[in-house]
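Asker: Provided herewith is a single structure, encoded as structure tokens, for subsequent inquiry.
The values are calculated or read from the model by the stated rules, or taken from the named source; none is laboratory data. This is a predicted model, so every value here is computed, not measured. Because the Cβ atoms are built from the backbone with ideal geometry, glycine has one as well, and the counts that use them run over all protein chains shown.
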């Protein structure tokens, strides 16, 4: 089975400074307890070269060895706590896109 | 300066089989000549758990050490050749989103 990445896409929050503080100090310590994560890549989108706003705010890419491991990890109490915490800071909304590494 | 990723986001092509063949056999050998690339991650988006179609088809994530190196690399003849090749297979269109690793 292919490696899998769960992309957590954060749309622009109402207060980016408050988002950044909560994300670093509170959310990441919770999210880092999700089991079986192979690699975590945190990205902050930049505006376009033409000055167009970035199409989203941040992406967290959570890599797992395969889909079965991702599903088991995301069903864990640790992942459920991270998901439940989103409502506390993700004021722009969150989308999830799962992708295979191929 | 922060590490930088250039995300090349391919929307759904009219003929995915033709896209895959051209992408693997022709486009990647051209794109792999882009200089100063630290890491390349090729992703294929999956449909949602509810059966919703994936919001895009593929993403190529091209990592560079910093923005200056990305800009120099993308101005190279090798990158220009890769960009010019997109019209030969990216029938669904292409969007580019640059992000910082932070």
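Asker: Identify the residue in the stretch A:34-87 that is assigned to a loop (DSSP other than H, G, I, E, B) and within 13 Å of the chain's Cα centre (by Cα) and, among all such residues, is nearest to the other protein chains (Cβ to nearest Cβ).
Answerer: Our first condition is that a residue be assigned to a loop (DSSP other than H, G, I, E, B); within the stretch A:34-87, this holds for A:34-38, A:46-57, A:65-66, A:75-76.
Still in the list and also within 13 Å of the chain's Cα centre (by Cα): A:34, A:37, A:56-57.
Details: A:34: 17, A:37: 16, A:56: 8, A:57: 10 Å.
Going through the qualifying residues, I end up with A:56.
Asker: Assess whether residue B:2 counts as being at pLDDT below 95, facing another protein chain (nearest Cβ under 9 Å) and touching a strand residue (DSSP E or B) at 6+ places or on another chain (Cβ under 8 Å). Even if it seems obvious, please write down each step before you answer.
Answerer: Details: at pLDDT below 95: yes; facing another protein chain (nearest Cβ under 9 Å): yes; touching a strand residue (DSSP E or B) at 6+ places or on another chain (Cβ under 8 Å): yes.
Criteria met by residue B:2.
Asker: While we're looking at this one, here's another question. State whether one or more residues within the stretch A:66-85 are surrounded by 15 or more Cβ atoms within 10 Å (Cβ to Cβ), under 25 Å from residue B:63 (Cα atoms) and without any contact (Cβ under 8 Å) to a residue 12 or more places away in the chain.
Answerer: Looking for residues that are surrounded by 15 or more Cβ atoms within 10 Å (Cβ to Cβ), under 25 Å from residue B:63 (Cα atoms) and without any contact (Cβ under 8 Å) to a residue 12 or more places away in the chain, one finds none in the stretch A:66-85, hence no.
Asker: Checking the structure you have, find out if any residue of the stretch A:5-15 is in a loop (DSSP other than H, G, I, E, B) and free of Cβ contacts under 8 Å to residues at least 24 places away in the same chain.
Answerer: Step one: of the stretch A:5-15, the residues in a loop (DSSP other than H, G, I, E, B) are A:11-15.
Subsequent filtering for residues that are free of Cβ contacts under 8 Å to residues at least 24 places away in the same chain retains none.
No, the stretch A:5-15 has no match at all.
Asker: If we scan the stretch B:90-100, do we find a residue that is in contact with a helix residue (DSSP H, G or I) (Cβ under 8 Å, 6 or more places away or on another chain), at the interface with chain A (Cβ under 10 Å from one of its Cβ atoms) and buried (at least 18 other Cβ atoms within 10 Å of the Cβ)?
Answerer: Yes, the stretch B:90-100 has at least one match.
Asker: Just to be sure before I move on: is residue B:52 within 25 Å of residue A:2 (Cα to Cα) and modelled with pLDDT under 95 in the structure I sent? Explain how you work it out, then say what you get.
Answerer: Working: within 25 Å of residue A:2 (Cα to Cα): yes; modelled with pLDDT under 95: yes.
So residue B:52 fits the description; yes.
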